[in-house]
Amino acid sequence: MKKLSLATLISTVLLSQAAFSAENNHVMSYLTSWGLPQDAATQLEKSNVDTFFLSFGGWDQNGDISSSDNIIKEVDYDPYWLPPAYTSWTQTKLAAPAKKMMVAFGGETYESMWAHIADPASREKIAQGLVKLVKTDFPVYKKDMKPEQMVGECLSATWDNSCNMASFQKAGTVQLDGIDFDYEKVARLTPQENENLLNLAKRIKELLGPNSGKLLSLTTYHVGADPESCASPSVMENCSFIEDARSTHHGEALSLLTAGRDVFDFFNVMTYDAGPRFRYDVAMANYARAVGDQKKIILGNTINSQWGPEGRYVESKENNLKRAAWQAEKGYGGVFVWALGSNNTQLSFADQVSYINEMQQATGGDVPQVENHIPVAKAVYPQDVTGAATVVLDGSTSTDPEGAALNWSWTQVSGPHVTLTNGNQPKASFTLNSPEEESTLVFNLTVNDGVNDSIPLSFSIKHHPADSDVSEPDAPSAIATWDSDKIYVGGDEASWKGKDYKARWWTRGNEPGTNEVWQVIE
């Protein structure tokens with residue numbers, strides 16, 4: 001069994017104490033339990049992310065801890081396969097001790113957990129459970145090690161009783177570095193709820209002691225530090241979200257930010273899910289004012305599709321890199337990213353790592369030039385229509401590799417002439433009268449990213465007389481039935497008990513119609 005030298009121990013302590021010092025410009029990322037390849041640890045070790053938020057954890061009133069896919073639960077040993085959700089972070093931490101591994105507790109899916117910290121007795125159990133968690137030694141298992149790298153006895157042998165180094169063997173142990181409170185609810189947070197969380201955080205720090213090296217962070221809504229008066233559409237000064245329909249969360253975290261400025265080590269601002277007109281610079285300034293130290297304020301970026309007032313969209317890479325550079329120039333503490341693992345824009349895990357590495361490069365003032373690739377036109381449409389009907393053409397799933405906003409252009413190429421409504425919108429439509437004989441209508445969809453046109457997508461629709469024997473197939477856009485074992489992310493759709501639903505955020509096992517995660521599609 002290998003032992004750490006005194007010099008290594010001292011350097012580890014110094015690293016933990018200095019990891020969030022003022023001169024550092026951090027790059028952090030949520031790491032979800034889903035969407036991880038088997039070789040995730042290798043890629044994470046080489047990434048420029050210095051702090052990972054393992055997503056997500058929750059607790060009950062007895063202080064019992066749970067997590068998505070048991071990402072922070074010690075696994076049952078199997079020599080041949082262990083879940084990537086566990087091996088990815090434990091192997092990364094062992095290989096790169098300076099990288100911080102924190103657990104993100106909360107998120108809107110687990111919002112009911114905040115009610116458990118209202119009762120002092122339950123709050124104490126939760127504090128004790130969290131402290132126990134961050135002091136736990138998690139075993140690290142790896143394959144294909146050299147015998148001298150193995151720690152402890154052989155866990156799996158071959159047919160001749162020699163140690164099977166091709167299977168998982170124990171490589172050491174690691175600990176978590178802290179806790180992130182992803183503090184959000186659909187309803188507005190109250191001052192009492194803020195005080196409850198502050199008391200929990202204070203108690204955790206008290207139990208850990210002053211030299212534990214463990215970290216606490218707070219993640220809150222983008223408008224959480226705005227003046228409360230920003231809820232009125234007539235108020236503009238110091239308001240980060242100035243849409244006509246204002247947020248219900250303006251200023252909800254102010255009391256927690258000011259009272260917790262010396263309790264939390266840093267503050268993550270979710271400066272996304274607010275649309276392209278969101279004033280992230282105003283939001284960051286409001287947070288810095290409330291906390292009193294702008295180097296503790298971390299700018300949020302997302303490489304996923306996000307909510308906007310006019311519908312979901314994907315922030316361009318160019319803007320994300322500029323935002324990363326901007327916060328460094330202004331003296332803020334860094335960027336955090338949603339997310340590694342979970343991705344709804346068809347980015348591979350390697351591409352996600354590369355994307356976030358480019359943000360880290362941008363924080364140093366070097367903003368790479370982003371090559372502009374042509375967008376891709378995609379359309380959903382009925383292949384057969386019978387009789388009189390209104391036909392909808394849906395191009396909203398079209399994509400741009402850089403995430404730029406798209407413009408749509410629908411045109412008819414051939415067939416009986418129809419009048420296209422909303423021919424420059426994501427969804428176009430036209431009306432058909434019942435024909436006397438079968439015909440074929442051909443259309444093109446072209447999308448433009450502001451610079452380049454896509455390759456035109458050509459498709460045809462057969463129009464049958466009303467008395468035709470042709471039966472229409474199920475529409476390609478039919479929504480699949482909800483699956484309790486499937487992971488859904490924001491914008492995903494599911495059908496359940498006669499109604500269609502859209503997920504507001506990531507979820508698994510939450511039945512549509514029984515909670516706030518799902519909204520009915522009208």
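Some points to look at:
- At 1.002 mPa s and 20 °C, Stokes D of region 37-161 from Kirkwood alpha-carbon radius, µm² per second: 130
- Hz values of 3J(HN,Hα) by residue in region 94-103 - Karplus curve (6.51, -1.76, 1.60), Gly and Pro given as x: 5, 6, 10, x, 6, 6, 8, 10, 10, 9
- Whole-number percent relative contact order across region 317-404, with pairs defined as alpha carbons under 8 Å at least 6 apart: 31
- Short-range pairs are left out: with C-alpha atoms under 8 Å and at least six residues apart, the relative contact order of the chain is 11 percent.
- The chain, dipole about Cα centre (Lys/Arg Cβ +1, Asp/Glu Cβ -1), debye to the nearest 20: 2040
- Rotationally averaged projected area of region 384-464 (alpha carbon convex hull; nm²): 5.1
- Reference-scaled alpha-carbon Rg (2.2 N^0.38 Å with N residues) for region 243-284: 1.34
- GLU184, GLU206 arranged by Cβ crowding within 10 Å, fewest neighbours leading: GLU206, GLU184
- In terms of the mean number of neighbouring beta-carbon atoms within 10 Å, the peptides 269-278, 26-35 order highest first as 26-35, 269-278.
- Here the Karplus curve 6.51 cos²θ - 1.76 cosθ + 1.60, taken at θ = phi - 60°, turns the phi angles of region 323-337 into couplings of 5, 4, 5, 4, 5, 5, 4, 7, x, 7, x, x, 10, 10, 10 Hz, with x standing for Gly and Pro.
- Sorted fewest first by neighbouring Cβ atoms within 10 angstrom, SER234, SER305 come out as SER234, SER305.
- In terms of packing, defined here as the mean over residues of other Cβ atoms within 10 angstrom, the peptides 85-97, 440-452 line up highest first as 85-97, 440-452.
- Each peptide in 349-362, 138-151 gets a packing score, the mean of other Cβ atoms within 10 Å over its residues, and the list from highest to lowest is 349-362, 138-151.
- Cα centroid separation, region 218-243 to region 329-408 (Å): 27
- Counting only alpha carbon atoms, the long axis of helix 120-134 and the longest principal axis of the chain meet at about 80°.
- Among ALA350, GLN294, TRP159 the positive-end extreme of the charge dipole of the chain (Cβ point charges): GLN294
- Radius of gyration (Cα atoms) of the chain, expressed as a multiple of 2.2 N^0.38 Å: 1.10.
- The Cα-based radius of gyration of region 299-376, divided by its Kirkwood radius, gives an Rg/Rh of 0.96.
- Relative to the longest principal axis of the Cα atoms of the chain, the long axis of helix 6-18 makes an angle of roughly 50 degrees.
- For region 384-464, size of Cβ-based charge dipole, Lys and Arg +1, Asp and Glu -1, in debye: 140
- Ordered by the count of other Cβ atoms within 10 Å of each Cβ, fewest first, ASP182, ASP281 give ASP281, ASP182.
- Pairs of Cα atoms nearer than 8 Å and 6+ residues apart set the relative contact order; for region 384-464 it is 37 percent.
- Positive dipole terminus of region 384-464, leading residue within VAL442, ALA404, LEU420 (C-beta point charges): LEU420
- Long-range amide H partners of LEU54 with built H, under 5 Å: LEU31, MET102, VAL103, ALA104
- Computed over region 331-420, the range of Cα coordinates on each principal axis works out to 62, 25, 23 Å, biggest value leading.
- 3J(HN,Hα) from dihedral phi, region 308-320, Karplus parametrisation 6.51/-1.76/1.60, rounded to Hz, x for glycine, proline: x, x, 9, x, 5, 7, 10, 5, 6, 4, 4, 5, 4
- For ASP182, residues with placed amide H under 5 Å, excluding near neighbours: PHE105, GLY106, GLY107, THR219
Quick note: the coordinates plus some simple rules give every number you see, no bench work behind them. From a predicted model like this one, the values you see are computed outputs, not experimental measurements. No Cβ is skipped: glycine too gets one built from the backbone with ideal geometry, and neighbour counts run over all protein chains shown.
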